[in-house]
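Input: a single structure, listed below in structure tokens.
The values are calculated or read from the model by the stated rules, or taken from the named source; none is laboratory data. None of these values were measured; they are calculated from a predicted model. Neighbour counts run over all protein chains shown; Cβ positions are idealised from the backbone, glycine included. To get the accessible areas, we keep the full protein, side chains included, count just its heavy atoms, and leave off ligands, DNA and RNA. Shrake-Rupley method; radii C 1.70, N 1.55, O 1.52, S 1.80 Å.
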Amino acid sequence: MTDTSVDPPRTPRRSPAGAAESPRPAARRNHRPGTTRPDDGNSTAATRPAGTRPSATARPAEGTTGTTGTTNAARAAPPAAERPAAGAAGAAGPTGADLHLDLPATGSRRSALMAALREAIRSGRLAPGTRLPPYRALAADLGIARNTAADAYAELVAEGWLTARQGSGTTVAERAEPVPATRARRSSRPPRPAHDLRQGQPDAAAFPRSAWLAAGRRALTAAPNEAFGPGDPQGRRELREVLAEYLARARGVRTDPDRIVVCSGFAHALRLLFDGPRAVLPARTAGPLAVEGYGLAFHRGLLAAAGAVTRPLPLDEHGARVGGLAEDPEIRTALLTPAHQFPTGGPLHPGRRAAVVDWARGRGGLVLEDDYDGEFRYDRQPVGALQGLDPERVVYLGTASKSLSPALRLGWMVLPDHLVDRVLAAKGEREAWASALDQLTLAEFIGSGGYDRHVRRMRRRYRDRRDRLVGALAEHAPHIEVTGIAAGLHAVLRLAPGTERSVLKAAAYRGLVLDGLADYRHPLLAAEAMPATDGLVVGYATPPDHAYPAALEALCAILPPPL
């Protein structure tokens, strides 16, 4: 029979004088007439005729390697006779895509390899059309003879598991009956709502992709090599420097880069302060924590899981009634939202701002300032950070979640000097959460002015969203009082007593997702200290522009009529 295999052209060897010598004939080991090897990436071959089985007489002894292999093991160099000449393509030896196969340590190598490939195809791990690595590369990765891998490929081609075409390598054959898919795990996540007016989320479609990408390119180009090593738990110096400048300019924060610690968000900051064996403010010694009577249940749950006891402060139109702090000698720490009380709205009164700082000084305590949306104000002058009154008694906590995106997972803590080392000890020796590349990009984005431009643009957009909400309510439900709209990304709609639950049920029926005010009330807040109020917390920043009109229409449709 005629040998139909095609070997790659060989580079003629040259004598020392430079004269070309005749090329050596290609070495062929144990080749059987009438059969061809599957394409190994270095030569092309037709498939073995159906029904032709490879001869075992020329194979190396099988079962002697005693190894279990996968193709992401170190590749072995082919024998010198099979290596391309120096300078030729593929001089590094056989290469191919990684393919994970576990072979038993004993028994026939060919049978074991065939069984592993059949199982990978049968289970769907190797989908139809998947290109396999050349048999030489596979043999080197698994530590078996090349003939063994070639014979296994050829046998599986004959059986219909694989297909080998000239110049196209060896691929998994198409099958008439696909492998039955495993039963999908039933998701516990609720379906996507028709209208989303949840608070706390910016418009995801407004993320400044082009400007962020450009900042990322500049940051990576200028980044020193050490930026790609283990991360500093305090955060990249580049980001801490621009944050110190920005926070001083835009929020009135008094700090320097050495007092800023980068974290992955507000919840991460709370965990560093209260949770874990190296917590900065452990519950066993820090005592109870004062919190506002209305706030996020998620944060209360996080603090409770860390063992912290929270005591609620009543609220009124001037914010938290901080005078009660002096009446409880056990409290030494208070968590507040001074710029815009969450969720009821409104800044902390100037007199109360001074009073809470005086309380912290006299008690030797701390105020934790959550400045969650301080950049977004519309109808009033910006309220500076409480931290500016006393940097040694206020821990300033900020994030990029509202201004840019919660997907960034970047936040920062501006700490009193005596807490910096303790927070760093709680974080550990290396940064485990905040990506150094994201930090570099944010530093460039802020330093180049892109962050300021984005915030101003989003301030205009959110103000327009707020105005459209207020206008729709004035037209369709003028009896509904709207509060907390001078700043932030949400509004509170006051409802008649006893109507909140029924309105939320009507909203769910229409596919409208929003929150009731009762969900934010602290369970220990006494009714005599602050009576409960029915209401809706409406986030007007969440929907994209094209979906906002329909969301407003659905909202107005579920509001109760006037009594």
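Here are the numbers for the structure shown:
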read-out	value
Looking only at the range 162-177, and only at residues there that are open to solvent by less than 100 Å² (accessible area, probe 1.4 Å) and part of a loop (DSSP other than H, G, I, E, B), the one that is modelled with the lowest pLDDT	175
Residue count, the range 306-351 (criterion: in a helix (DSSP H, G or I), open to solvent by 50 Å² or more (accessible area, probe 1.4 Å) and either closer than 15 Å to residue 387 by Cα or not hydrophobic (A, V, I, L, M, F, W, C) (or both))	3
Single condition residue 212 does not satisfy, out of (1) at pLDDT 90 or above; (2) touching a helix residue (DSSP H, G or I) at 6+ places or on another chain (Cβ under 7 Å); (3) not in a helix (DSSP H, G or I)	(3)
Pairs with Cβ under 7 Å, 6+ apart, first in the range 405-418 and surrounded by 21 or more Cβ atoms within 10 Å (Cβ to Cβ), second among the hydroxyl-bearing types (Ser, Thr, Tyr) and not in a strand (DSSP E or B)	410/264; 411/264; 414/255
Matching residues, the range 246-276, being basic (Lys, Arg) and open to solvent by 10 Å² or more (accessible area, probe 1.4 Å)	249, 254, 259, 271
Filtered residue count, the range 116-135, keeping only those that are out of contact with any Leu (no Cβ under 8 Å at 6 or more places or on another chain) and open to solvent by 50 Å² or more (accessible area, probe 1.4 Å)	6
Residues of the range 264-285 satisfying the condition of being in a loop (DSSP other than H, G, I, E, B) and over 17 Å from residue 330 (Cα atoms)	264, 265, 275, 276, 277, 278, 279, 280
Any hit, the range 422-429, residues being at pLDDT 95 or above, on the phi < 0 side of the Ramachandran plot, assigned to a strand (DSSP E or B) and among the aliphatic types (A, V, I, L, M)	no
Residue selected from the range 361-402 under the condition surrounded by fewer than 23 Cβ atoms within 10 Å (Cβ to Cβ) and among the small types (Gly, Ala, Ser), by the criterion nearest to residue 240 (Cα to Cα)	400
Residue tally, condition among the charged types (D, E, K, R), open to solvent by 40 Å² or more (accessible area, probe 1.4 Å) and in contact (Cβ under 8 Å) with a residue 40 or more places away in the chain, over the range 277-299	1
Members of the range 223-239 that are in contact (Cβ under 8 Å) with a residue 40 or more places away in the chain and either in a helix (DSSP H, G or I) or farther than 17 Å from residue 400 by Cβ (or both)	223, 227, 228, 230, 231, 232, 233, 234, 238, 239
Filtered residues of the range 99-121 (kept if outside any loop (DSSP other than H, G, I, E, B) and more than 14 Å from residue 170 (Cβ to Cβ))	109, 110, 111, 112, 115, 116, 118, 119
